[in-house]
Structure formats: C-alpha cells, structure tokens
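Undergrad: Supplied in structure tokens, the structure appears directly below.
Read-outs: derived from the displayed coordinates by stated rules, not from any lab. Fair warning: this is a prediction, and the values are worked out from it, not measured in the lab. Here the Cβ is made from the backbone with ideal geometry for all residues, glycine too, and neighbour counts use every protein chain on show.
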Ligand SMILES: [Zn+2]
C-alpha cells in the first residue's frame, strides 16, 4: 500500500473522512470512573459519527483486563496491533477514552507519540483533538502521562495493601497450593473458592489426584518413610510433580511443611494466627504436627507416629511390579471399613485387607516372640558399635567447639579453622551414619522376646507399621489365576502362600524367608 508522505499539519477542525482507530482498554484495578471496554467503544463510535470520520471494524482495538502499567505482565496484543497499523499508514486518527488507559508509561507514551508524529496521526481523547506534531499539545499530554504513571504506582501500592487485607480475611492468595484448585466466576473472574483438587473430568474423586497425593505424602512420613523413598515412588508411578515434571526431594519436603494444608493462612512468610481461612484442610493437625516433629528431628528415631488408617497400605509391595499395595478407598471416611488392598500402580495383585493384616500380624508376632530372634537382636554386638560411633561423634563435636572458641579469640586463623571444621563435620556425619545403622530401631526396644505378643496388642497401628517396616520386606504374589485387585470375594489361594517375606534383621536376615 502506498504510504503518504508525512503531512504537515492537519486541520483539526475538519476530521471528516479520516480513518479512525478506536483504542479501548480497561485495567483490573477498579477506580470510581472506570468505564467498561464496551462503554468506551460506544462513546468512541458516537464520536466517529459526530465527526464524520470513517471506522473499519478491524480498527477497533479492545484490550480488556490488560493493565498498561509496568506492573502488567500480560502482553497487550491489541495495543501492539494498533502500533503496527499506525506504522503501516492505515490510520489518520487514534481515539482514546483517556490517556492513562493507553500509555501510562512514559516510554510507551513517547513511542506512540513519535510514531503518530511520523505518520501525522492525530489523537482524540474523548472529544478533544491533539496533534502530535504540535508542541503545546504534546506538552499537555506528556504531563498528563506523568500523572498517569504516578497513579499507576499508587495503584500497585493499593493492590499490595489489598492483598494483606485479603489475607487477613482468610482469602487464598499467591500461587494456588498443590492439592487445591481455584474456581473462578466466568463472568467477573473473581475467585469463588479454593477446593481440594480430587476430581477427574467426570466429577469423580480419583486416587493419585493432587489432593490425594498430599494426603499420601503426610501419611507416609507419619508411617516412618523417608523423603527419598516417597519421591522415588511418586516418580515411579508417573505422578506429575507439584511444579510439573519429576518430583524432587525438595518438592516433597515443601509439601510436608505447607501450613495451607491445615487451613492456616501464611502471608509474607508469617502465619496469620486466628485467621479463619476460606478453604478446607487436606491434612488433620495431628498428622501434620507429627510429620513436623519427624522432619525437625535430625535423627528421626525417637518419634512415634500419631496414627495410621491402614496397617499395610504402602508398606507391602506388589510381587509382580514391586509397587506399593494401596488400600482401595484410602482416605474415604464414609467407607464401610472393609477395604481391599491392591497394587497401586498396575493393579497386578489384590487381596482382602483384613485377611492380609491378620496373617502378617500373626507372622510378625511369632517372629518377635522367637527366642532366637530376641537373642540375636539383644546380643549387643551392634549396640556396642553404635555406642562407639556415637561417642566418636560426640568427641568430634567437643573438638569442633574448642576450635570455634579459639577462632573467636583469634588464636587460630580463619583458614585453619575452616579446614579443621570441614574435617570434623565429615567425621561427625560418618559416625552418625554408623551409629544409626548399628542401632536397633527404637520401636523394637521392649517389643521383642516373651512379652512381644502382649506388647503388640498394646501398640497402635502406626507403631506396628514402624515395626513391620523395620524388620521385613513383604511382597504379595498374584493368586495364581491373574486375579485383579479389588475383588471382594477374598483370596482364592491361602494368604500364606501368596506372601514373600524377607527379614531385614535377625537370624533370617541374609536369606529369603
Ligand atoms: Zn503391581
């Protein structure tokens, strides 16, 4: 298209037949005088008619909800389209509802002004015509633009204050935590609620949904599992991580510490005490705090978990694929209490939970009561090694403290302290690892030998899980006819013939039991 040579001055009193572009946009910050994009466009069209100018539909540029300030993160597509059309010589006039709607930033203002000057494009702000080649006009607009910029800064301050107030009212803020989803009103785009993300596309609650995974992570920590084991299992099952992609230990830990899951409001790193939040918890407080105790205990050995809903869920593995058996309906509080237990990854094997529980408990109690087991575990050879390792770690700590004091008073140089510290920290770590490996799991203390049966009956399910985890690796084989999990008919083959035991401690610990 032939480009006209830049015109000198236009007669701003006669705008008939000039080609107009209408630029309408509204930002999300709701001021008193805000006009909707539709209203702005209507006013613009009335002006076009009065002036006798020409408007083509493609020259209407509507940017709804695009803030023009430097705090805006979204691209203003239509503003850029407008600039392109001006550059292409398609427009003689640009109409705006008001200046701050279109060019709050000075550099944007300057760019638009230069472009319009170059192409002899007039500006109309509501009814007033400005000529970008006119110095006085541009002075006025430049000043208005500065005012607009200041207003924009004020707006962002207001938004921040608004966020604090919103947090104090218990509204969800910031990024939506993994395990929840946010529901917005399609018309107003206002947040309606934040709810557990447990649904598939058809309104059914599904296992492995983010909300279930959150619960699972807490339950597994509470049952004594470590971060790495949880992370590996989630990755093996192909569950997408909270941030997408593979789980990392940091992302698992982050979930295990998030206060949002017990319905606490955190604003700028601080818990807002006493704020009643507007979303449901995913984790009960007892479990949450039990997990916090575990995570804050560097040795993680003395703690006793709060509770567990299932004895063997996530503890016994599938004899086909090696994945954990999962209680079908875990977390379903309205269930009948008769849960099936099935391979959680592929459904290779399944069993009636009560039958497996009963059998496993009997075998474990028998093992714990076995005099040979008690004798070997109580032998003390390992305990002596553990005690020696702990003593070594303590000595290193004392030595390190002495070095520190010397360094503080300037008796040793910083580099030699750093060298000594590095060596000692390494020795402490090594000694602690040895001590841990050689120590009888604390949960077993007092629960082996003749008192094992009576003791077992006193234990809660979580403690029983800890013991089973510490002493045996248990796998469930298929029933022999490739039965799928979740059958409620019970096992076709005696349970004892379907379970593979590998003892991790005691006399049988080196061979498959
Ligand atoms: Zn399997």
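Undergrad: Work out how much length residue 460 to residue 195 would gain on full extension: take 0.36 nm times their residue separation and subtract the Cα-Cα distance, in nm to one decimal. Intermediate values should be presented prior to the final figure.
TA: Values: separation 265, 0.36 × 265 = 95.40 nm, distance 3.19 nm.
Answer, rounded to one decimal: 92.2 nm.
Undergrad: What percent does the relative contact order of the stretch 180-283 come to when contacts are Cα pairs within less than 8 Å and at least six residues apart? Before the final figure, lay out the partial values.
TA: Values: 120 pairs, mean separation 21.8, N = 104.
Here the relative contact order equals 21 percent.
Undergrad: Sticking with this one: Rounded to two decimals, what is the ratio between the C-alpha radius of gyration of the stretch 180-283 and 2.2 N^0.38 Å? If you can, show how the numbers build up before the last one.
TA: Working: Rg = 15.0 Å, N = 104, 2.2 N^0.38 = 12.8 Å.
Rounded to two decimals, the normalised Rg is 1.17.
Undergrad: Starting from 0.36 nm per residue, how many nanometres of slack lie between residue 49 and residue 114 once their C-alpha separation is accounted for? Each step should come with its number before you reach the end.
TA: Details: separation 65, 0.36 × 65 = 23.40 nm, distance 2.74 nm.
The span from residue 49 to residue 114 would gain 20.7 nm if fully extended.
Undergrad: Can you put 469, 188, 287 in order, fewest other beta carbons within 10 Å first?
TA: Values: 469 18, 188 8, 287 22.
Least crowded to most crowded, the residues run 188, 469, 287.
Undergrad: So if we plug the beta-carbon distance of residue 477 and residue 128 into 1/(1 + (r/R0)^6) with R0 = 60 Å, what FRET efficiency do we get, rounded to 0.05?
TA: Details: r = 85 Å, r/R0 = 1.41.
According to the calculation, E is roughly 0.10.
Undergrad: Sketch the reach of a paramagnetic label on residue 237 as a point 7 Å from Cα along Cα-to-Cβ, and name the residues of the stretch 345-379 whose backbone nitrogen lies under 18 Å away.
TA: Within reach of a label on residue 237, which here means backbone N under 18 Å from a point 7 Å along Cα→Cβ, the stretch 345-379 contributes 345-351, 353.
Undergrad: Using the basic label-point model (7 angstrom from Cα toward the beta carbon), what is the residue 372 to residue 444 distance in nanometres?
TA: Result for the modelled spin labels: 1.5 nm.
Undergrad: For residue 185 and residue 425, calculate 0.36 nm times their separation in residues minus their Cα-Cα distance, and state this gained length in nm to one decimal. Intermediate results must be reported in sequence, preceding the final value.
TA: On the way: separation 240, 0.36 × 240 = 86.40 nm, distance 5.55 nm.
Full extension of this stretch gives 80.9 nm more.
Undergrad: Right, next: With the crude spin-label approximation of a point 7 Å out along Cα→Cβ, what separation in nm comes out for residue 56 versus residue 38?
TA: 2.7 nm
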